[in-house]
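Colleague: Handing you this structure, nothing more for now.
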């Protein structure tokens, strides 16, 4: 009970700069005491508070899979006005920081079994979807799910994250990968087009299917109509919301939308639930 | 105590209170309303002489005895992080002469800080280690509206003891919990209440309730608020608001906070400070995006949280009608008028 606001100590084992603008970095964290990793039981879609002494805490989605049992990964975009994200980006491998969590609800992995899964991601909001894809594609899990389709887009080729993994997934024959960019570059041989348009083009079947969608608000807004057109019912479209948080456990009072706390009742909501919330313009 | 037994009731003479408190202060730290520089606030006291019994209500609520305005939760470097939360209270406490409205507010805060899923150790230790001795309100103010939100000037819920000034040099003291009864240890000089004392009590209670003139209709308000999230009413009601946040700081049920770090050369402290939904920074994200962009959204949030969201979540209105937000607003905003406007919308 005394641990409520106390972060656990972790150290940075590895960092990967994910994009050309060099402001999106993946941190691979290991607990100073391995038993803490075992205690940190999470599911795809959850988040944790990352904590740098002197800079405070921020909620960040967990990007690694629950099956990655040695470490946790978080992909963080640095904002010039973001105190924690700036502090985090300045840390070197070997530095220590704190993790508190896991918090929030998660993607309905149980319900997703025996169904076709359509994953639509945009920009760097791809992190908890990446956790999910890693989980679904794991040898232990793959057979429990039907067709898996992944559509991922970024503004430009340089802004795509998890590049080497995207390539590995593209080489697999048990996942339909569609990677697109809003605007191509000279040496870009892949797809060019906005996520909602590519989604309509690809036209995944909604039969026995569930869609997970994460991206910037504008992408979410324009992705819902094509999904509905394809026949996905609002309760079969799952997304994740973000808000500023301080406690992560439904007490500090800032992340609510209507009576729902994003930290505790979310961050994962169905599109049906989302449409019933005030203040959400999707 | 056998079931069905009435808890103790006593008549205590005004001049006996000093002796009573002296006895209690051996085992308890006693906090009571004290008037200093014209300001009534709860302070630790060692003698009844320090207590300002004729107060209307304290300027600030006693909530910061349980949820301090600023509190160090722990400090880094990390060997100190691992240190368990120290015992927060050195001694059990009594909040003496707390008003029934403020006692009710603590029961509402319990819902947040002592929820089923996450229990806040800082709050809970203080709460469990503190007894509440209420002082009934015989002089409700113009800004009071407790009777409209499920309370009353003589309301007993959430108190351990309730005292009422009978006006003739006597206090009618009623134990409401066994812990409260424990404070009324046998003192031969105290009397048992007589029929006339009970009649007097009933009379002053009725008079006090009548003095709460504001009658707000809060029935159905929650449902009404469900429907008017996008109403133009919000464009109007926030116009005068300066966004100073005083309403939230003085509100006994407001509990928003921020965890943040303060550092000097030697160490970093993680601090919990009160925060306010009336401040623009409250919801601004690292990217600069702010979902509550203007006073309009923030005012709506404050009203909705108290009269709709909290009701939906915990089944009760997060307002006890103490009127502090009305008394201290620099531009004379009045939550009662806002509610009236909502009802008429």
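Colleague: Of the residues in the stretch A:202-232, how many are farther than 18 Å from residue A:109 by Cα and either crowded, with 18+ Cβ neighbours inside 10 Å or at pLDDT 95 or above (or both)?
Modeller: Just the residues of the stretch A:202-232 that are farther than 18 Å from residue A:109 by Cα, to begin with: A:202-205, A:215-231.
Pick out the ones that are also either crowded, with 18+ Cβ neighbours inside 10 Å or at pLDDT 95 or above (or both) and you get A:202-205, A:215, A:219-220, A:222-231.
Of the residues in the stretch A:202-232, 17 are farther than 18 Å from residue A:109 by Cα and either crowded, with 18+ Cβ neighbours inside 10 Å or at pLDDT 95 or above (or both).
Colleague: If residue A:70 meets every condition in (1) within 14 Å of another protein chain (Cβ to nearest Cβ); (2) out of contact with any strand residue (DSSP E or B) (no Cβ under 6 Å at 6 or more places or on another chain) apart from one, which number is that one?
Modeller: All conditions are met except number (1).
Colleague: Got at least one residue in the stretch A:82-102 being surrounded by fewer than 19 Cβ atoms within 10 Å (Cβ to Cβ) and farther than 25 Å from residue A:7 by Cα? Break it down into steps so the answer makes sense when it comes.
Modeller: Taking the stretch A:82-102 and keeping what is surrounded by fewer than 19 Cβ atoms within 10 Å (Cβ to Cβ), we get A:83, A:86, A:90-96.
When the remaining residues are screened for being farther than 25 Å from residue A:7 by Cα, the result is none.
No, every residue in the stretch A:82-102 fails to be surrounded by fewer than 19 Cβ atoms within 10 Å (Cβ to Cβ) and farther than 25 Å from residue A:7 by Cα.
Colleague: Please tell me if residue B:241 is assigned to a loop (DSSP other than H, G, I, E, B), within 22 Å of the chain's Cα centre (by Cα) and more than 8 Å from chain A (Cβ to nearest Cβ). Walk me through it before giving the result.
Modeller: Numbers: assigned to a loop (DSSP other than H, G, I, E, B): yes; within 22 Å of the chain's Cα centre (by Cα): no; more than 8 Å from chain A (Cβ to nearest Cβ): yes.
The answer is no for residue B:241.
Colleague: Looking at B:186, B:200, which is the one that is away from every other protein chain (no Cβ under 14 Å), surrounded by fewer than 18 Cβ atoms within 10 Å (Cβ to Cβ) and within 30 Å of residue B:136 (Cα to Cα)?
Modeller: Values: B:200 fails: surrounded by fewer than 18 Cβ atoms within 10 Å (Cβ to Cβ).
Step by step, each of B:186, B:200 is checked, and only B:186 is away from every other protein chain (no Cβ under 14 Å), surrounded by fewer than 18 Cβ atoms within 10 Å (Cβ to Cβ) and within 30 Å of residue B:136 (Cα to Cα).
Colleague: Let me ask something else about it. Filter the stretch B:230-260 for residues that are closer than 25 Å to residue A:249 by Cα and modelled with pLDDT under 95 and give the result.
Modeller: First, the residues of the stretch B:230-260 that are closer than 25 Å to residue A:249 by Cα: B:245, B:247-260.
Answer for the stretch B:230-260, where residues must be closer than 25 Å to residue A:249 by Cα and modelled with pLDDT under 95: just B:260.
Colleague: Another question, if that's okay. Here are B:226, B:235: which of them is part of a helix (DSSP H, G or I), within 14 Å of another protein chain (Cβ to nearest Cβ) and touching a helix residue (DSSP H, G or I) at 6+ places or on another chain (Cβ under 7 Å)? Write out each step before concluding.
Modeller: Numbers: B:235 fails: within 14 Å of another protein chain (Cβ to nearest Cβ).
Of the residues listed, the single one that is part of a helix (DSSP H, G or I), within 14 Å of another protein chain (Cβ to nearest Cβ) and touching a helix residue (DSSP H, G or I) at 6+ places or on another chain (Cβ under 7 Å) is B:226.
Colleague: Restricting to the stretch B:277-296, give me the number of residues that are part of a helix (DSSP H, G or I), in contact with a helix residue (DSSP H, G or I) (Cβ under 8 Å, 6 or more places away or on another chain) and within 8 Å of chain A (Cβ to nearest Cβ).
Modeller: Of the residues in that region, 1 qualify.
Yes or no, residue by residue, for (1) modelled with pLDDT of 95 or more; (2) within 22 Å of residue B:337 (Cβ to Cβ):
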residue	(1), (2)
B:144	yes, yes
B:152	yes, no
B:155	yes, no
B:164	yes, no
B:169	no, no
B:173	yes, no
B:178	no, no
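Colleague: Another one. Among the residues of the stretch A:129-140, are any farther than 30 Å from residue A:33 by Cα and touching a residue at least 24 places away in the same chain (Cβ under 8 Å)? Before you say what the answer is, go through the steps one by one.
Modeller: Pass one, the stretch A:129-140, residues farther than 30 Å from residue A:33 by Cα: none.
For the stretch A:129-140, residues farther than 30 Å from residue A:33 by Cα and touching a residue at least 24 places away in the same chain (Cβ under 8 Å): absent.
Colleague: Only residues that are away from every other protein chain (no Cβ under 14 Å), in a loop (DSSP other than H, G, I, E, B) and over 23 Å from residue B:104 (Cβ atoms): list them for the stretch B:38-77, please.
Modeller: Residues satisfying the conditions are B:38, B:46, B:47.
Colleague: Right, next: Which one of these is within 14 Å of chain B (Cβ to nearest Cβ) and closer than 29 Å to residue A:239 by Cβ: A:36, A:96, A:57?
Modeller: Details: A:36 fails: closer than 29 Å to residue A:239 by Cβ; A:96 fails: closer than 29 Å to residue A:239 by Cβ.
Only one candidate qualifies: A:57.
Colleague: Also, quick follow-up: May I ask you to verify whether residue B:341 is out of contact with any strand residue (DSSP E or B) (no Cβ under 9 Å at 6 or more places or on another chain), modelled with pLDDT under 95 and more than 10 Å from every other protein chain (Cβ to nearest Cβ)?
Modeller: Numbers: out of contact with any strand residue (DSSP E or B) (no Cβ under 9 Å at 6 or more places or on another chain): yes; modelled with pLDDT under 95: yes; more than 10 Å from every other protein chain (Cβ to nearest Cβ): yes.
Criteria met by residue B:341.
Colleague: For residues that are crowded, with 18+ Cβ neighbours inside 10 Å and either more than 21 Å from residue B:230 (Cβ to Cβ) or within 19 Å of the chain's Cα centre (by Cα) (or both), tally how many sit in the stretch B:280-308.
Modeller: 7
Colleague: Determine which member of the set B:269, B:262 is at the interface with chain A (Cβ under 9 Å from one of its Cβ atoms), in a strand (DSSP E or B) and surrounded by fewer than 19 Cβ atoms within 10 Å (Cβ to Cβ). Talk me through it step by step, then tell me what you get.
Modeller: Details: B:269 fails: at the interface with chain A (Cβ under 9 Å from one of its Cβ atoms).
Just one listed residue meets the conditions, B:262.
Colleague: Continuing with the same structure: Do any residues in the stretch A:1-30 that are within 11 Å of chain B (Cβ to nearest Cβ) have Cβ atoms under 7 Å from those of residues that are part of a strand (DSSP E or B) and surrounded by fewer than 15 Cβ atoms within 10 Å (Cβ to Cβ), where the two are at least six apart or on different chains, and which pairs are they?
Modeller: A:1/B:119
The values are calculated or read from the model by the stated rules, or taken from the named source; none is laboratory data. Since we're looking at a predicted model, the values are computed, not measured. Note: ideal-geometry Cβ built from the backbone for every residue, glycine included; neighbour counts use all protein chains shown.
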